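Notes for the one structure printed next.
The values are calculated or read from the model by the stated rules, or taken from the named source; none is laboratory data. As the structure is a computational prediction, the values presented were derived from the model and not from experiment. Backbone-built Cβ (ideal geometry, glycine too); neighbour counts: all protein chains shown.
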Amino acid sequence: MPLIALGINHRTASLEVRERVAFAPDQMILSLQQGLDACGADNLAILSTCNRTELYATGSVAPGTLLAWLADHHHLSAEALDDNYYVLEDDKAVQHMMKVASGLDSMVLGEPQILGQMKSSYAVAQKAGTADGLLSQVFQGVFATAKRVRSETAIGQNPVSVAYAAVSLAQRIFSSMKEVSALLIGAGETVELLARHLREQGVGDIIVANRTLARAQEMAEVFSAEAILLSEIPEYLHRADVVISSTASQLPILGKGAVESALKQRKHRPIFMVDIAVPRDIEPQVAQLDDVYLYTVDDLKEVIEANLRHREDAAGQAEVIIEQGVSNWKNQLRGQQAVGTIRAFRDNFGALRDAELDKALASIAQGQSAEQVLRQLAHGLTNKFLHVPTTRLKKAGEQGDSDYVRWAHDLFDLPGASKISPAIKQSENNQQGDDSRADDINSDANAGVKKRDEQ
């Protein structure tokens, strides 16, 4: 199976190297078409994410050719990538692609985004006209296996990111997130991810507080939220059931006094708080208040580590599913090797059928009775279909080829055990006897040589 996976990922290369070999999404179709022509591959697909760039190619293409094109495309020398790439072929390549799609090769074990990214890479390659035939079949097998991993294991069920863990903890406090109001302090990537997770859980009322109002408004527009300045937090804090903070401030932003005032306005309805910042944004003394549940980044790490252990257990189950996926793929590929023979078999018998049918129609046109014509048709078809197999089986019997007879018996699903003729059995016995006598002669000869040597 001429399949190659050549890649550079977070395990083999630094961020600086990964940046230099990344493909721009708006240039991907052109890149695929150029790569296909330059490498002489039958098919080509490219997966390019923040953590990896991988090329999947089929046909008579050498790994060195793929590497040289990858380097040249990004204006690098092949030597610059010497210690940063890996190459997998055939079954190993399929297994690797299944692991990638299932999240087993990700920086965050079991992360779900990679499957969507892989599906996107395949869709783009299809659009570019560089992914059909064998590569298309490989991707279908990869997606089917990844789907099994997701549905039959808990690989993606336990949060292992700080943002997701924070939202998951909030779900333990509130029975329904749809009625929750959230205040997010900061406007960086972590807060943006928090907003996305909160929206996914049905939170409708989100306030984003930031030092600069323009940045808060940018995020608020994306998530249909409300934007305020940090200085305005005391005025809005009483509305918040969930407060999550992640800024780069060197001093606390939220003190005990402000929280006490908010609790009075809330009539002591509890507030769930998560302080992800280092240094901390929320004064530690806030945790002393009765109606506040305050968690720090260290508390989240404990949740993440516990969940990561659950994912590692699930990863073992996923490995088994992937092994089955590779085995199924190999079986499918072996089955395809018989497609040509099956097609020729059907075409041959179809031609015989058509010839006999034409004769039958001609006979009816000449006035013969339908019953007589049908009997002749059935008789003619049977003779034509069985002539060659019968002749070959008879010849196999004459030559003592019992395996041929047994295979024919199984191939045509004949009733009862395979009947091996006495002549074939005798031929087999004779051959076994000849072999046995030859072994005895060799043994006697060896014994004679040994005896002479001893004398």
Subject >> Residue that is more than 30 Å from I155 (Cα to Cα) and out of contact with any Gly (no Cβ under 7 Å at 6 or more places or on another chain), where the choices are R269, R309 >> reply: R269
Original post:
Pick from L374, L333, L386, L393: which is surrounded by 11 or more Cβ atoms within 10 Å (Cβ to Cβ) and either touching a helix residue (DSSP H, G or I) at 6+ places or on another chain (Cβ under 7 Å) or assigned by TED's automatic domain parsing to the domain that holds L134 (or both)?
Top reply: L393
**OP:** Could you check segment 127-240 for helices (runs of 4 or more DSSP H) lying wholly inside it with 2 or more residues that are under 35 Å from the mean Cα position of the chain (by Cα) and farther than 28 Å from V108 by Cβ?
**Re:** 133-152
**OP:** Taking the options A93, A170, A163, name whichever one is touching a His at 6+ places or on another chain (Cβ under 9 Å), in contact (Cβ under 8 Å) with a residue 12 or more places away in the chain and within 27 Å of A315 (Cα to Cα).
**Re:** A163
Subject >> Contacts under 9 angstrom Cβ, first residue in segment 102-122 being in the same structural domain as I8 (by TED's automatic domain parsing) and over 16 Å from A314 (Cβ atoms), partner crowded, with 17+ Cβ neighbours inside 10 Å and among the acidic types (D, E), 6 or more apart >> reply: S121/E54
Original post:
Wholly within segment 241-348, which strands (runs of 3 or more DSSP E) include no fewer than the required count, namely at least 1 residues that are among the charged types (D, E, K, R)?
Top reply: 271-275
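Of the residues F174, F223, which is over 30 Å from K119 (Cβ atoms) and of a type in the set (F, W, Y)?
F174
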Subject >> Options K267, K256: the member that is without any contact (Cβ under 8 Å) to a residue 12 or more places away in the chain and over 38 Å from the mean Cα position of the chain (by Cα) >> reply: K267
Original post:
Can you tell me which of A262, A240 is small (G, A, S), more than 24 Å from Y164 (Cβ to Cβ), modelled with pLDDT of 95 or more and surrounded by 21 or more Cβ atoms within 10 Å (Cβ to Cβ)?
Top reply: A262
